Amino acid sequence: MTVPTAPDKKPFLYVVVCASGVAPGVGELVTAAQEANWDVGVVATPRGLGFIDAEAVEALTGYPIRSAWRSPGEPRPLPPPDAIAVAPATFNTINKWAAGISDTLALGILCEAYGMGVPTVALPYLNSAQAAHPAYRQSLDRLRSMGVLIGSSAHHPPTADGAADRFRWEEALELLAPVVGTAG
Ligand SMILES: Cc1cc2nc3c(=O)[nH]c(=O)nc-3n(C[C@H](O)[C@H](O)[C@H](O)COP(=O)(O)O)c2cc1C
């Protein structure tokens with residue numbers, strides 16, 4: 001499938017950022033996506049917003065970061081997405097998304113993306129204790145059954161600082177490429 005866009009218009013990627021230790025590196029995915037011919041807008045969870053340099057990300061994308069719902073009548077700050085990458089995807093957001101909970105703007109967008117047929121990829125980033133919870137496996141199964149592409153997770157030990165060096169942002173683009181017909 002190729003994203004239907006006007007000849008002079010690039011496809012638009014939403015990068016949904018959750019509150020985890022690797023979130024400050026989101027610029028890496030934004031830049032890689034732009035190099036692969038995407039226009040990019042970032043949507044942060046309310047807690048995720050505290051992990052990123054909002055000013056730097058906005059300068060990189062040229063769009064305001066979205067985190068809260070707009071007021072009725074306010075214009076939409078971002079064009080509609082041709083695809084969505086949730087990176088990093090937290091334990092919390094994965095479980096709520098799979099359960100159909102929509103109490104952040106990011107979750108609202110993700111819950112509706114399924115019904116709207118927007119290709120979506122998630123790169124989970126969580127520790128092994130979180131990953132051991134039975135709800136997590138069920139959530140991944142449900143998201144896969146919804147057609148969500150799930151990246152290879154490198155779970156870090158609960159007490160360690162993380163596995164940031166093993167988090168591959170570009171995997172989001174690699175997984176989306178065959179679905180949306182763009183360069184990985
Ligand atoms: C420094 C720090 C690092 C965290 N790292 C992770 C993580 O790697 N994965 C994860 O699922 N949660 C992590 N958390 C916990 C989440 O931030 C927490 O569950 C939060 O509610 C997630 O919100 P969100 O899913 O709306 O972004 C971390 C919290 C802190 C303070």
Practice problem: Answer yes or no as to whether Thr93 is part of a helix (DSSP H, G or I) and polar (S, T, N, Q). | Solution: yes
Quiz item: Would a scan of region 37-54 turn up a residue that is of a type in the set (S, T, N, Q), touching a Lys or Arg at 6+ places or on another chain (Cβ under 6 Å) and over 20 Å from His156 (Cβ atoms)?
Solution: yes
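Conditions tested, residue by residue: (1) touching a residue at least 24 places away in the same chain (Cβ under 8 Å); (2) more than 10 Å from the ligand (Cβ to nearest atom); (3) part of a helix (DSSP H, G or I); (4) not aromatic (Phe, Trp, Tyr).
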position: Ala59; (1), (2), (3), (4): no, yes, yes, yes
position: Pro79; (1), (2), (3), (4): yes, yes, no, yes
position: Pro88; (1), (2), (3), (4): yes, no, no, yes
position: Cys111; (1), (2), (3), (4): no, yes, yes, yes
Quiz prompt | Selection from region 129-158 of residues that are away from the ligand (no atom under 15 Å from the Cβ), surrounded by 14 or more Cβ atoms within 10 Å (Cβ to Cβ) and more than 16 Å from the chain's Cα centre (by Cα) | solution = Arg142
Quiz item: If you check Arg66, Arg70, which single one turns out to be among the basic types (Lys, Arg), surrounded by 13 or more Cβ atoms within 10 Å (Cβ to Cβ) and away from the ligand (no atom under 12 Å from the Cβ)?
Solution: Arg66
Quiz prompt | Residue in region 80-93 that is surrounded by fewer than 20 Cβ atoms within 10 Å (Cβ to Cβ) and in contact with a strand residue (DSSP E or B) (Cβ under 9 Å, 6 or more places away or on another chain) present | solution = yes
Quiz item: Is there any pair linking a residue in region 10-22 that is in contact (Cβ under 8 Å) with a residue 24 or more places away in the chain and closer than 15 Å to Arg168 by Cα to one that is more than 6 Å from the ligand (Cβ to nearest atom) and of a type in the set (Ser, Thr, Tyr), with Cβ under 9 Å and at least six apart or on different chains, and which?
Solution: Val15/Thr61
Practice problem: Test each condition in (1) surrounded by fewer than 18 Cβ atoms within 10 Å (Cβ to Cβ); (2) within 14 Å of the ligand (Cβ to nearest atom); (3) under 20 Å from Ala99 (Cα atoms) for Leu126 and report the one that comes out false. | Solution: (1)
Quiz item: Has region 15-23 got any residue that is within 10 Å of the ligand (Cβ to nearest atom), part of a loop (DSSP other than H, G, I, E, B) and over 16 Å from Phe167 (Cα atoms)?
Solution: no
Practice problem: Within region 76-114, work out how many residues are among the polar types (S, T, N, Q) and farther than 24 Å from Gly27 by Cα. | Solution: 2
Practice problem: May I ask you to verify whether Pro46 is within 12 Å of the ligand (Cβ to nearest atom) and in a helix (DSSP H, G or I)? | Solution: no
Quiz item: Restricting the search to region 54-99, which residues are among the small types (Gly, Ala, Ser) and either more than 27 Å from Val179 (Cα to Cα) or more than 12 Å from the chain's Cα centre (by Cα) (or both)?
Solution: Ala54, Ala56, Ala59, Gly62, Ser67, Ala68, Ser71, Gly73, Ala98, Ala99
Practice problem: Could you tell me whether Ala36 is in contact with a Leu (Cβ under 6 Å, 6 or more places away or on another chain) and either modelled with pLDDT under 95 or not aromatic (Phe, Trp, Tyr) (or both)? | Solution: yes
Quiz prompt | First in region 136-161 and at pLDDT 95 or above, second anywhere and basic (Lys, Arg), Cβ under 8 Å, 6 or more apart | solution = Ile150/Arg144; Gly151/Arg168
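The values are calculated or read from the model by the stated rules, or taken from the named source; none is laboratory data. A quick note: this is a predicted structure, and the numbers were derived from the prediction, not measured. Please note: Cβ atoms are built from the backbone with ideal geometry, for glycine as well, and neighbour counts cover all protein chains shown.
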